[in-house]
Amino acid sequence: MVVMKMKFPFQKRVKLAQGLWLLSWCATVAGATTFSLGCLLKTELRRRSEVMDNSDIHIVPNTLMIVGLASLGINYFASKICQDALDAGRFPRWKNFLKPYFAVSCFFTVLMLLAVIMSYAMKGSLESSLKAGLRNGIRFYKDTDTPGRCFQKQNIDRLQMEFQCCGNNDFRDWFEVQWISNRYLDFSSKEVKDRIKSNVDGRYLVDGVPFSCCNPSSPRPCIQYHLTNNSAHYNYDYQTEELNIYLRGCREALVNYYMGLMNTIGVGVLSVFLLQGSVLVSLRFLQTSMEAVAGEENTEIETEGYLLEKGVKETIMEYLDPVLTFLLLKNQVEEGTTGETPATT
Amino acid sequence: MAVGKITFTKTEREKLAEVLWLLNWISVLTGVILFGLGLFLKIEIQKWQEVMSEQGILYVPHMLITTGLAACGINYLGSKICLDCADTNKFLRWKLVMMPYIVCTFCFTACVLAGALLCYTIRSQLEQSLYLGLRSAMRFYKDTDTPGRCYLKKTLDMLQIQFQCCGNTDYRDWFHIQWISSRYLDMTNSAVVDRVRSNVEGKYLMDSVPFSCCSTLSSSPCIQHNLSNPAAHRHYDQQSQQLNLWRRGCQQALLDHYTGIMQSIALTVLLIWLFELLVLTGVRYLQTAMENVIRLGDPESESEGWILENSLAETACYNFNIIKNLGKCYQVDEDPNINIPTAAADQEVPPLQVRVSVTS
């Protein structure tokens with residue numbers, strides 16, 4: 001049975017074609033916007049790629065860029081089709097083009113929605129990627145003389161200052177790592193030797209943090225070393241001190257930043273999705289109502305337009321059959337040959 | 001002889017009017033740009049106004065803002081006038097307004113040029129203002145509990161981090177002031193008391209700097225204390241000393257930042273000034289051409305347009321005399337008792353001598 005049948009008198013058809021032409025140009029601009037939003041997101045992710053362990057999250061901006069480019073093409077053809085729609089002589093040449101066109105357009109429009117869903121679903125993946133990346137960054141902080149890791153210190157310092165965060169989960173991550181290189185340790189000093197001996201791995205661990213963890217909003221000069229030792233500093237209680245260093249972890253800061261960015265982009269992409277969907281629906285109505293006019297002498301009669309000729313399930317099967325037959329084609333040929341040979345013998 | 005005389009046919013006059021209408025609309029846009037530039041400069045200066053000693057420098061963005069708004073108004077009026085100028089009848093409406101309008105536009109164009117030149121000359125005043133402002137900001141760095149100065153520490157730290165600078169002229173400026181508040185000094189500690197006593201003014205001075213002076217480019221953890229004694233630190237050679245802290249002074253950093261902004265703004269304003277000059281010249285030609293057409297009486301004929309009717313020297317003398325006589329007209333005495341020999345008395349017509357012919 002037909003899905004969503006509507007009557008279209010001549011004037012309504014004309015209005016539909018005009019409205020669709022305008023809508024398709026708006027959707028073209030929206031498609032370009034989607035592409036640029038994808039580029040923006042990719043640039044932002046690449047800026048912090050040194051603290052990300054893998055680039056799985058890049059699938060979101062990549063999808064947005066592909067969908068943006070595809071929608072430019074889709075809407076260009078939509079505007080061309082609706083320009084020819086009202087002309088009975090020019091419309092028939094689009095006849096064979098429309099079925100694959102609708103299939104491809106629906107695919108890319110659904111992909112747009114999928115991209116938004118993915119941006120929420122991949123939060124966990126982003127978080128684990130940042131966790132591993134930051135852990136490595138903190139571990140290699142001191143290796144400014146090792147090729148390939150020279151800039152870890154600079155990157156982590158800049159990250160902590162820009163995002164106002166300290167460490168991976170919080171500032172205590174710095175207590176578990178030797179972040180002062182052996183080059184700058186005086187091994188003749190008793191204090192240094194004791195500290196190294198007290199540790200199983202022979203690492204120089206301190207209850208101190210790098211200068212980039214310091215909070216400029218603190219009313220007192222920054223206390224970086226002996227953070228857990230109240231008696232080392234005058235008028236200092238580390239359990240109540242909140243403004244001295246940043247208490248937030250960098251993983252949380254970065255996840256919040258990227259999720260905020262993707263939420264904002266997601267809202268924009270959802271509205272583009274709705275616009276694109278309305279373009280396709282209008283085009284389908286225009287196509288079906290104009291097809292009923294074809295062959296008639298009086299082109300100004302009232303016709304019916306519909307979304308789907310058969311039900312939803314049957315239409316999906318109709319589209320999937322060619323794909324399935326193509327995939328199963330090889331097997332069918334093989335079956336045919338094996339079936340024949342016993343018959344001939 | 002006239003300055004810059006050109007002959008215009010009727011079609012040329014109409015074309016000129018159309019082109020000037022378009023140019024005036026573009027000038028409205030450039031006026032908006034000028035306004036935007038002034039606003040941008042004002043915001044940039046206000047961002048760091050706490051480290052500037054006086055706000056006198058704000059007159060540069062204020063001038064740009066007012067000039068931008070004036071440009072929009074004048075050029076909008078100009079576009080209306082130029083549109084009507086193609087037709088002699090409509091031009092008569094604007095005839096009386098034209099001359100004041102051109103004088104106004106000339107003054108305004110001079111203001112635009114003045115604005116551009118100001119941007120170049122403001123540097124020395126800015127330098128002085130920054131030096132004094134930074135010096136007092138550093139002195140009040142520790143006063144985070146004094147109302148009105150609570151946020152100077154945060155401002156100065158953010159400044160040093162963002163502009164990658166340390167101190168006023170360089171990092172040693174921090175050695176001469178007490179930047180650690182007495183609230184955080186243990187006065188029972190003999191080392192602290194000795195240090196305070198060793199200083200004439202009783203200040204706690206150290207050869208150390210705040211954390212915001214630390215450079216991110218350094219390969220070693222930041223060395224903030226005992227800076228005058230390189231031997232106290234392990235592996236602290238000449239190169240490490242160069243990279244450890246930011247070498248540049250904040251006065252120089254801010255000066256470079258603002259000079260860069262104002263040079264770009266001055267360049268843009270100069271280009272806008274040249275464009276305005278072009279529009280002004282076009283409007284002057286159109287005005288004189290239309291006036292000459294009206295004087296000749298025939299709207300279809302050719303007419304001449306010029307920038308100045310007489311040479312520059314004669315026009316200057318003429319205008320100067322007008323200004324001189326403006327002052328003089330109120331000096332004439334109205335007292336009726338004083339006999340002022342008027343020229344009218346000499347020109348009195350003598351009584352008509354009628355010759356009567358006597359006929360005998």
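The values are calculated or read from the model by the stated rules, or taken from the named source; none is laboratory data. Keep in mind the model is a prediction, meaning the values are calculated, not measured. A quick note on method: Cβ atoms are made from the backbone with ideal geometry, for glycine too, and the neighbour counts reach across all protein chains shown. Quick note on the areas: whole protein, heavy atoms, side chains included, nothing else; ligands and nucleic acids left out. Shrake-Rupley method; radii C 1.70, N 1.55, O 1.52, S 1.80 Å.
When B:D186 is tested against the conditions (1) more than 11 Å from chain A (Cβ to nearest Cβ); (2) open to solvent by 30 Å² or more (accessible area, probe 1.4 Å), the lone failure is (1). Quick check on the stretch A:153-161. Is at least one of its residues surrounded by 18 or more Cβ atoms within 10 Å (Cβ to Cβ), touching a Cys at 6+ places or on another chain (Cβ under 9 Å), in a loop (DSSP other than H, G, I, E, B) and within 14 Å of another protein chain (Cβ to nearest Cβ)? Scanning the stretch A:153-161, I find no residue that is surrounded by 18 or more Cβ atoms within 10 Å (Cβ to Cβ), touching a Cys at 6+ places or on another chain (Cβ under 9 Å), in a loop (DSSP other than H, G, I, E, B) and within 14 Å of another protein chain (Cβ to nearest Cβ), so the answer is no. Of the residues screened, B:R197 is not one that is charged (D, E, K, R), surrounded by fewer than 18 Cβ atoms within 10 Å (Cβ to Cβ), in a helix (DSSP H, G or I) and within 14 Å of chain A (Cβ to nearest Cβ).
Can you list residue pairs whose Cβ atoms sit under 7 Å apart, with the first residue in the stretch B:55-71 being in a helix (DSSP H, G or I) and the second being β-branched (V, I, T) and surrounded by 15 or more Cβ atoms within 10 Å (Cβ to Cβ)? Count only pairs 6 or more apart in sequence or on different chains. That search, which allows pairs on different chains as well, returns B:I57/B:I45; B:I57/B:I122; B:L58/B:I45; B:V60/B:I122; B:P61/B:I45; B:T67/B:V112; B:A71/B:T30. Assessment of the stretch A:240-261 against the conditions (closer than 30 Å to B:D186 by Cβ, open to solvent by less than 80 Å² (accessible area, probe 1.4 Å) and touching an Asp or Glu at 6+ places or on another chain (Cβ under 7 Å)) yields no matching residue. Condition (residue is exposed (fewer than 14 other Cβ atoms within 10 Å of the Cβ) and within 14 Å of chain B (Cβ to nearest Cβ)) applied to the stretch A:122-145: is it met by at least one residue? Scanning the stretch A:122-145 turns up at least one residue that is exposed (fewer than 14 other Cβ atoms within 10 Å of the Cβ) and within 14 Å of chain B (Cβ to nearest Cβ). Check whether at least one residue in the stretch A:171-191 is assigned to a helix (DSSP H, G or I), under 30 Å from B:S181 (Cβ atoms) and open to solvent by less than 10 Å² (accessible area, probe 1.4 Å), and report yes or no. Scanning the stretch A:171-191 turns up at least one residue that is assigned to a helix (DSSP H, G or I), under 30 Å from B:S181 (Cβ atoms) and open to solvent by less than 10 Å² (accessible area, probe 1.4 Å).
Could you list all residues from the stretch B:160-191 that are under 15 Å from B:L245 (Cβ atoms) and either part of a helix (DSSP H, G or I) or charged (D, E, K, R) (or both)? Talk me through it step by step, then tell me what you get.
Initial filter on the stretch B:160-191 (under 15 Å from B:L245 (Cβ atoms)): B:160-161, B:163-175, B:179.
Residues satisfying the conditions are B:Q160, B:I161, B:F163, B:D170, B:Y171, B:R172, B:D173, B:W174, B:F175.
Here is the figure for the stretch A:68-89: residues that are in contact with a Phe, Trp or Tyr (Cβ under 7 Å, 6 or more places away or on another chain) and touching a residue at least 60 places away in the same chain (Cβ under 8 Å) total 6. Every test in (1) open to solvent by 50 Å² or more (accessible area, probe 1.4 Å); (2) more than 42 Å from the chain's Cα centre (by Cα); (3) within 14 Å of chain A (Cβ to nearest Cβ) is passed by B:L243 save one, and that test is (2). A Cβ distance below 8 Å, combined with a sequence gap of six or more or placement on separate chains, defines the contacts here; from the stretch B:156-174, residues that are more than 20 Å from A:S218 (Cα to Cα) and touching a residue at least 60 places away in the same chain (Cβ under 8 Å) reach residues that are open to solvent by 10 Å² or more (accessible area, probe 1.4 Å) and among the hydroxyl-bearing types (S, T, Y) in the pairs B:N168/B:Y131. None of B:Q128, B:Q164, B:Q160 is at pLDDT 90 or above and more than 14 Å from every other protein chain (Cβ to nearest Cβ) except B:Q128.
Starting from the stretch B:191-203, take each residue that is in the same structural domain as B:S181 (by the TED database) and list its partners that are surrounded by 10 or more Cβ atoms within 10 Å (Cβ to Cβ) and part of a helix (DSSP H, G or I), counting only C-beta distances under 7 angstrom and pairs at least six apart or across chains. Short answer, once both residue conditions are applied: B:G202/B:V196. Among the residues that make up the stretch A:271-294, is at least one of them at pLDDT below 90, on the phi > 0 side of the Ramachandran plot and not in a helix (DSSP H, G or I)? Looking for residues that are at pLDDT below 90, on the phi > 0 side of the Ramachandran plot and not in a helix (DSSP H, G or I), one finds none in the stretch A:271-294, hence no. In the set A:V104, A:V60, which member is in a helix (DSSP H, G or I) and out of contact with any Ser or Thr (no Cβ under 9 Å at 6 or more places or on another chain)? Just a single option satisfies the conditions, and that option is A:V104. Residues in the stretch A:192-239 that are assigned to a loop (DSSP other than H, G, I, E, B), among the polar types (S, T, N, Q) and within 14 Å of chain B (Cβ to nearest Cβ): A:N215, A:S217, A:S218, A:Q224, A:N235. Kindly evaluate A:Q164 against the criterion of being in contact with a helix residue (DSSP H, G or I) (Cβ under 8 Å, 6 or more places away or on another chain) and open to solvent by 50 Å² or more (accessible area, probe 1.4 Å). Spelling it out, A:Q164 is indeed in contact with a helix residue (DSSP H, G or I) (Cβ under 8 Å, 6 or more places away or on another chain) and open to solvent by 50 Å² or more (accessible area, probe 1.4 Å).
Of the residues making up the stretch A:55-91, those that are open to solvent by 10 Å² or more (accessible area, probe 1.4 Å) and of a type in the set (S, T, Y) are A:S55, A:T63, A:Y76.
Determine if the stretch A:40-48 includes at least one residue that is touching a helix residue (DSSP H, G or I) at 6+ places or on another chain (Cβ under 6 Å) and either closer than 24 Å to A:L274 by Cα or in a loop (DSSP other than H, G, I, E, B) (or both). Looking for residues that are touching a helix residue (DSSP H, G or I) at 6+ places or on another chain (Cβ under 6 Å) and either closer than 24 Å to A:L274 by Cα or in a loop (DSSP other than H, G, I, E, B) (or both), one finds at least one in the stretch A:40-48, hence yes. Residues that are open to solvent by 60 Å² or more (accessible area, probe 1.4 Å) and of a type in the set (A, V, I, L, M) were ranked within the stretch B:200-226; the one that is farthest from the other protein chains (Cβ to nearest Cβ) is B:V200. From the list B:L312, B:L308, the one residue that fits, being in contact with a strand residue (DSSP E or B) (Cβ under 7 Å, 6 or more places away or on another chain), modelled with pLDDT of 60 or more, exposed (fewer than 11 other Cβ atoms within 10 Å of the Cβ) and closer than 30 Å to B:A116 by Cα, is B:L312.
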